[in-house]
Amino acid sequence: MSDRLAPITTAESVAAGHPDKLCDTISDAILDACLNIDSEARVAVETLVKGMGGEGPR
């Protein structure tokens, strides 16, 4: 019997043009780079973008 935990997979969907779409693309690229270096890496990536418009009054 293996001591390894089963992988956890999550997914989310956002509409095209939403700022989260850019954040998801950046986060995915960072995750892919980490997994290319170490295929068993455990990675948590949080991305924030600012200045895309729609942030409210300044």
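Each value in this text was obtained by applying a stated rule to the coordinates, not by laboratory testing. The shown structure was predicted, so the numbers you read here are calculated from the model rather than taken from an experiment. Neighbour counts run over all protein chains shown; Cβ positions are idealised from the backbone, glycine included.
On full extension, the segment bounded by THR47 and LYS21 gains 8.3 nm, given 0.36 nm per residue less the C-alpha separation.
A Förster distance of 35 Å, applied to the separation of the beta-carbon atoms of VAL14 and ASP38, puts the FRET efficiency at 0.80.
Over the chain, the pair-distance histogram of Cα-Cα distances with 10 Å bins from zero comes to 17, 40, 26, 12, 4, 1 percent, rounded to whole numbers.
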